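The values are calculated or read from the model by the stated rules, or taken from the named source; none is laboratory data. If you're wondering where the values come from, they're calculated on a predicted model, not measured in any experiment. Neighbour counts run over all protein chains shown; Cβ positions are idealised from the backbone, glycine included.
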Amino acid sequence: MNNDKLELIRHSVAHIMAQAVQRLYPGTKVAIGPAIENGFYYDFDFPSPIKEEDLPAIEAEMKKIVESRQDFVRIEVSKEEALKRCADEPYKIELINDLPPPTPPINGGGDATSSSDNSSPLPLAGGAGGGVPITLYENRDKDGNSVWFDLCRGPHVENTREINSAAFKLMRIAGAYWRGDEHRPMLTRIYGTAFDTPKALKEYLAFLEEAEKRDHRRIGKELDLFHIDPENPGEVFWHPNGWTIYRELQNYVREKISADGYVEVNTPFVMPKSLWERSGHWAKYEENMFVTESEKRTFALKPMNCPGHVEIFKQKTRSYRDLPLRIAEFGSCTRNEPSGALHGIMRVRGFTQDDAHIFCTEEQIEGEAIKFCNLLYNMYADFGFEKEKVQVKLSTRPEKRIGSDAQWDKAEAALATACGYAGVTFEINPGEGAFYGPKLEFTLIDALGRGWQCGTFQLDYQLPSKERLDAEYAGEDGGKHNPVMLHRAVLGSLERFIGILLENFAGALPVWLCPEQIAIIPVADAFNDYAQKLESEIKAICDAQGMSLRTSLELGTDRMNAKIRACQTRKIPYMLVVGEREANEGTVSIRRRDGQQTPPMKIADFAAYVGKKIKERSLEL
C-alpha cells in the first residue's frame, strides 16, 4: 500500500480512537491527533487518570465503531459556527481563536483555500471574500446522523469499511504538555499504530519486539557499559566495559586517519564569545550553546570544533605547498539539546566526534572528496556496512545561512561535481545544509533496516574567509588567498556510533571491540590452577603478536553451567571450558557465545586463531 493511503487510514483511526475515548470516558476533552510515522496519537484531558491497562477496552470500542460503518464527512463552517459547536472543548476553542483572519480576495475572487490534500489535524483557516475559513470532519452513522466530529483539515477515508479492525493497535500512554509548553496543562497522549492488513500489523509488532531486544539502553545496562544520571540529562557516565569499547573505537579511527595523512590536535573546550561571533555561530546557533562568564567576559562551551581548527591553521604562515592540510580531533562538544529530544547515548548533550577539517585550494576539492569517500566506505565496511547499506543525501542551502547566493551556487555545484568523481550517488535534501555550506550526509542501514545518519562532508567558503576567521595561505602567484575548508566526520558522534553498533549487533560486538573477549571456565575447583596457567599462556602469545587480550577468569563458586550462561549473557565471544582432559592434553574446549562448540584446540593454536580475528578486526567468530 502506498504511504498516502496508509496515512489516510492512520489519521482516520486516530479520530475513531478519540470517539471511543469520549464514549467510554464522558467529560474527556480532546486536543489534537495527527497521523505520524508508523502510526498516530491523540492528546486528551481526562477527568481522572487512565492506565495502559485501559487500552484494550478502548481498542474494543474502536472495533465496534469500525464495524458500525460510519462515514467521514468534511464540512465547512464559519468561525462563529465552529466556536458554537466546540463550546465544550476548551482546547478546540483556543485553536479556533488563534487562527489567522481570512486573507483578502485576490482580484476580487473569493475562493476558500481549504484543500483535502493537506493531512494536518488542525483546523483550516484562510478563506477569502466570502470563502469558508474552517473545516470539520464528522463521523456519521448509517442514517446520516453526526455521532462525533473534530476540527480537521483531513483528508480521511470515506467510510470505516476501508479500515480493518484487526489491523490497528494502541501502543502506549505518555504525558504531553498542551502545545509543547511546560507552563500549560499536562495532557494524556495515547499512541497507536494502524496498517491496511493484519499481516502488516503483525510484521510491524515483530519488528518493534526485535528493536526492543536490541535497544542500546537495555544492552548498556545488561553489559554494564554506561549510565546517564536523570539529574544530569544527556551526559554519559562510561563504566569500565563501555570505556573499553570507546577506547578501541578511538584507536581504530586514529590508526585509519593517521594512515590517510591527518595530523591530530586538541582544542579548548571553552572559547570566547568573540570567536563565535566572528565565525557566525553566535548569530545562527546561540540557542544551542551553553554559555558562561568569567571576569566580565562571555564564553561558550564549544558545540563544534571548526573555529578552533581555523585558529590552529592561522598560527603560522602557510603556503600552497602545505595544502591540503588535514587537521583531526576527537573533539568533545556540548550542545543544549532539549531534554525531551534526548535518547540514551544516541542523542546527548555531551559527545565526542571523530572530527576533522581539510584546508585546501578549490582545485583540490575533488581529490579530497574522493579520498574522503574511500576512507569512509572502507571504515564502514569494517563494521559490516557495505556500500549498498549506505545512503547519501546532498543537503543544500538552509533559510538561516551566511554567504551570498553566488557563493552557495558555487559550493553546491562543487560538491555535486565532486560526488560524481567519487562515484557517489545522492539524493537532494533541500534546505538542510549547515549555515555556512552544503553537506553530504551518509546514512547507515542497520540489521533491522533502520537508517542512522553518521558521516558528513561539508564544503565551506565562509569560515576561512576574510569576512569571518580570515585564514590565509601564500599562493603560487605570491598573493594571499583564503583556503576552502572541508568539514568531515566518518563515524560522527562516538557515543551515537557505539549505540548504533550495540543495536545492529544486538550487543554481540565483533571480537576486537568486545570488552571481554575470552572467559576461562574450569569445570571444578581442582582445575583452577590449569585455568590460570592457560590464561597466562594465551595472553603471552597474543602479547608477542602485539595484541592485548581481554580475558575473564571464572573461578567463582557457581556451577559450570551457570557460569556459561552468565558469560553468554555478557556476550563474551569465546568460553574456554577446561577440565581433566584439557589439563592432561594441553588443550581447550571452545564454546562460542552463539551456543556452537568448536573441536578442542592446542593452546598455541587457539591463541593464534583468536589473535588473527582481533588483528584483522574480523566480524566473524
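All conditions but one from (1) surrounded by fewer than 14 Cβ atoms within 10 Å (Cβ to Cβ); (2) in contact with a Ser or Thr (Cβ under 9 Å, 6 or more places away or on another chain); (3) of a type in the set (Asp, Glu) apply to Asp98; the one that does not is (2).
Given the structure, is Ala60 free of Cβ contacts under 8 Å to residues at least 12 places away in the same chain and of a type outside the set (Asp, Glu)? Here the answer is yes, as Ala60 does meet what is asked. One residue alone among Glu264, Glu287, Glu277 is touching a strand residue (DSSP E or B) at 6+ places or on another chain (Cβ under 7 Å) and over 15 Å from Cys333 (Cβ atoms), and that residue is Glu264.
Among the residues examined, Lys480 does not qualify as touching a residue at least 12 places away in the same chain (Cβ under 8 Å), touching an Asp or Glu at 6+ places or on another chain (Cβ under 9 Å), in the same structural domain as Leu376 (by TED's automatic domain parsing) and among the basic types (Lys, Arg).
Each residue in region 413-431 was checked for being under 16 Å from Arg488 (Cα atoms) and not small (Gly, Ala, Ser), and 3 pass.
The condition of being touching a residue at least 24 places away in the same chain (Cβ under 8 Å), within 30 Å of Leu448 (Cβ to Cβ) and assigned to a strand (DSSP E or B) holds for only one of Ala519, Ala506, that being Ala519.
The set of residues in region 347-383 that are closer than 19 Å to Ala414 by Cβ, among the polar types (S, T, N, Q) and assigned to a strand (DSSP E or B) is empty. Of the helices (runs of 4 or more DSSP H) lying entirely inside region 252-346, those containing at least 1 residues that are modelled with pLDDT of 95 or more and surrounded by 14 or more Cβ atoms within 10 Å (Cβ to Cβ) are 273-279, 306-313.
Scanning region 216-247 for residues that are out of contact with any helix residue (DSSP H, G or I) (no Cβ under 8 Å at 6 or more places or on another chain) and closer than 23 Å to Asp354 by Cα yields Arg217, Ile228, Glu235, Phe237, His239, Pro240, Asn241, Trp243, Thr244, Arg247.
There is at least one residue in region 420-436 that is buried (at least 17 other Cβ atoms within 10 Å of the Cβ) and part of a helix (DSSP H, G or I). Looking only at residues of region 66-88 that are under 19 Å from Thr28 (Cβ atoms) and among the hydrophobic types (A, V, I, L, M, F, W, C), we find that the one that is surrounded by the most Cβ atoms within 10 Å (Cβ to Cβ) is Cys86. When you look at Asp54, is it surrounded by 16 or more Cβ atoms within 10 Å (Cβ to Cβ) and touching a strand residue (DSSP E or B) at 6+ places or on another chain (Cβ under 6 Å), yes or no? Considered against the rule, which asks whether it is surrounded by 16 or more Cβ atoms within 10 Å (Cβ to Cβ) and touching a strand residue (DSSP E or B) at 6+ places or on another chain (Cβ under 6 Å), Asp54 comes out as no. Taking the listed residues Ala519, Ala526, Ala506, the one that is of a type in the set (Gly, Ala, Ser), more than 21 Å from Leu223 (Cα to Cα) and either modelled with pLDDT of 95 or more or in contact with a helix residue (DSSP H, G or I) (Cβ under 9 Å, 6 or more places away or on another chain) (or both) is Ala526, with no other qualifying. For region 176-206, filtered to residues that are in a strand (DSSP E or B) and touching a Pro at 6+ places or on another chain (Cβ under 8 Å), the residue that is nearest to Asn159 (Cα to Cα) is Thr188. When restricted to residues that are part of a loop (DSSP other than H, G, I, E, B) and of a type in the set (D, E, K, R), region 448-503 contains 8. When each of Asn107, Asn139 is tested for being at pLDDT 95 or above and either surrounded by 15 or more Cβ atoms within 10 Å (Cβ to Cβ) or more than 41 Å from the chain's Cα centre (by Cα) (or both), the lone residue that passes is Asn139.
Of the numbered criteria (1) crowded, with 20+ Cβ neighbours inside 10 Å; (2) in contact with a helix residue (DSSP H, G or I) (Cβ under 6 Å, 6 or more places away or on another chain); (3) not in a loop (DSSP other than H, G, I, E, B), the one Ile173 fails is (1).
Among the residues of this structure, Tyr91 counts as one that is over 21 Å from Met171 (Cα atoms), at pLDDT 95 or above and buried (at least 19 other Cβ atoms within 10 Å of the Cβ). In the set Ala411, Ala422, Ala406, only one residue is under 23 Å from Leu325 (Cα atoms), out of contact with any strand residue (DSSP E or B) (no Cβ under 6 Å at 6 or more places or on another chain), assigned by TED's automatic domain parsing to the domain that holds Tyr461 and not polar (S, T, N, Q); that residue is Ala422.
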